Number of protein chains: 2
Amino acid sequence: MRILLVEDEAEMAAALSSALKRYDMVVDHAPTLADAEEAICADVHVAILLDRQLPDGDGLKLIPKLRARADGVPIIVLTARGELADRIAGLDSGADDYLAKPFAVEELLARLRAVLRRPAGLSPDVIRAGRLVFDLGHREASIDGQPFELPRRELLVLEALIRRMGRTVLRTALEEAVYNFDDEIQSNALDTHISRLRRKLADANAGVEIHGIRGVGYLLKKLP
Amino acid sequence: MRILLVEDEAEMAAALSSALKRYDMVVDHAPTLADAEEAICADVHVAILLDRQLPDGDGLKLIPKLRARADGVPIIVLTARGELADRIAGLDSGADDYLAKPFAVEELLARLRAVLRRPAGLSPDVIRAGRLVFDLGHREASIDGQPFELPRRELLVLEALIRRMGRTVLRTALEEAVYNFDDEIQSNALDTHISRLRRKLADANAGVEIHGIRGVGYLLKKLP
DNA sequence: GGCGCATCATTGCGGCAGCATTGCGGGAAC
DNA sequence: GTTCCCGCAATGCTGCCGCAATGATGCGCC
């Protein structure tokens, strides 16, 4: 883990450096804003500790540039100014945390751990098939980022098929996926949905097609 | 935006609740660990404020259960215990931030903003859509720099929609975003808000429109 | 290969569930 | 007291979806 420490006071910098190293972190030290800007180009740091009072300006000025890169490197602002207004300014400027000097190194480490723990998987469960993307959580399909709107029943059919992408889905299973016990179906309503869905997939050039298997069911397959 | 407040002291809870509501947030209140556990099952909160001293145990015990779900809901721990060891324990247990009582409400709000900004990491604090600009941090909309004032519920609807700009928002998700557990709705109140919001967006020539998807939900899309 | 049956595919149509909109009144905020 | 948000109910309307009729495609059997 490589940390960028932006701090001009040599004594403070040395103390933090050694503390962090003791916890097996690799520390790069930048004493000025200019140094910091250069350092972040390398883009190798997992977190940034940022002092506000620097010889060439307020450390907060660095934050927009970091955020512009949109890589989400967490930033902890360190500062002597502990007043409420300053702390709010620090947090609102885009920092992830704010620590007023003097602070205990243990607390800094704890906050660092908290901030690093964060990128915890927010992986939405989506299934890709051809040019089609199906978001199971939000119950929506899209093609090239454009929403692919479908009526409810057709969406249910597509969901059931895409969940078993490339494998056959029994006709009975599809019916169960689309209808509940209360609904009594005495027609070829399911076929209707399949048909309409087929047309929409083709029209949208989704890159998949619904393949029927006589006497068994259906399956969704990618187009060559 | 819907927040879960886990706090047993009625006075404290009421104060925080009203402060949060003043910032147009929807607050669910859980006075005990048991209540909190029940509440988190609904999985509708964007952040959790967690007191440690609860009648049925230490609030920190809740954190592993939340993390097990791996949905990354940020947690801010509130506590009277301000000693260093406690703060470190709080952060290391998986909380995203730690605030010692007494604290200024402004600071809590600032930390909340910081913590909510994050899951995006890459998503900015303001979202632009058409001529509409929505500032997530300050919870306000504007058009061409002119404030676009909306009543509370309509603002919540717009926020939920704009956060998923161009993608569908389930009807249930909208209801969850706008109402808390206590509110019991037995009508088409949500439709009413949508309708009124539509009119205001059109009147203000906002450059976006709310598109309904029958049986599924809504989505916000840019006008051509 | 020809024939027939069973299953599937497609399309038009009509009923109705769900949605959009509006006016009204209670009630909260100031 | 006044303002305005917001839930509620009534109304009209859109379009989904079930239905049935017709055509197309396998599959077996002779």
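The values are calculated or read from the model by the stated rules, or taken from the named source; none is laboratory data. Because the structure is predicted, anything quoted here is derived from the model rather than measured. We place every Cβ from the backbone using ideal geometry, glycine too, and count neighbours over all the protein chains shown.
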Item to check | Extreme residue, modelled with the highest pLDDT, among residues of the stretch B:92-108 that are within 8 Å of chain A (Cβ to nearest Cβ) and surrounded by fewer than 20 Cβ atoms within 10 Å (Cβ to Cβ) | outcome: B:107
Checklist entry - In the stretch B:165-205, what residues are at pLDDT below 90 and small (Gly, Ala, Ser)? => result B:166, B:173, B:177, B:187
Checklist entry - Are any of the residues in the stretch B:143-165 within 12 Å of another protein chain (Cβ to nearest Cβ), more than 21 Å from residue B:22 (Cα to Cα) and in contact (Cβ under 8 Å) with a residue 12 or more places away in the chain? => result yes
Checklist entry - What residue, among those in the stretch B:166-186 that are under 22 Å from residue A:152 (Cβ atoms) and in a loop (DSSP other than H, G, I, E, B), is farthest from the other protein chains (Cβ to nearest Cβ)? => result B:185
Next on the checklist: Against the definition (within 13 Å of DNA strand C (Cβ to nearest atom) and within 14 Å of chain B (Cβ to nearest Cβ)), how does residue A:199 come out, yes or no?
Outcome noted: no
Checklist entry - If only one of B:71, B:86 is acidic (Asp, Glu), in the same structural domain as residue B:110 (by TED's automatic domain parsing), at pLDDT below 80 and part of a helix (DSSP H, G or I), which one is it? => result B:86
Next on the checklist: Among the numbered criteria (1) near DNA strand C (Cβ under 9 Å from one of its atoms); (2) at pLDDT below 95; (3) hydrophobic (A, V, I, L, M, F, W, C), which one does residue B:208 miss?
Outcome noted: (1)
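Is it fair to say residue A:127 is within 27 Å of residue B:218 (Cβ to Cβ), more than 10 Å from DNA strand D (Cβ to nearest atom), within 14 Å of another protein chain (Cβ to nearest Cβ) and not acidic (Asp, Glu)? Before you say what the answer is, go through the steps one by one.
On the way: within 27 Å of residue B:218 (Cβ to Cβ): yes; more than 10 Å from DNA strand D (Cβ to nearest atom): yes; within 14 Å of another protein chain (Cβ to nearest Cβ): no; not acidic (Asp, Glu): yes.
Answer is no for this residue.
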Checklist entry - For the stretch A:193-202, does any single residue satisfy the condition of being under 22 Å from residue A:167 (Cβ atoms) and within 8 Å of DNA strand D (Cβ to nearest atom)? => result yes
Checklist entry - Considering the stretch B:46-64 alone, what residues qualify as being at pLDDT below 85 and either within 15 Å of the chain's Cα centre (by Cα) or acidic (Asp, Glu) (or both)? => result B:46
Checklist outcome for this item: Looking across the stretch B:140-164 at residues that are surrounded by fewer than 16 Cβ atoms within 10 Å (Cβ to Cβ) and part of a loop (DSSP other than H, G, I, E, B), the single one that is modelled with the lowest pLDDT is B:145
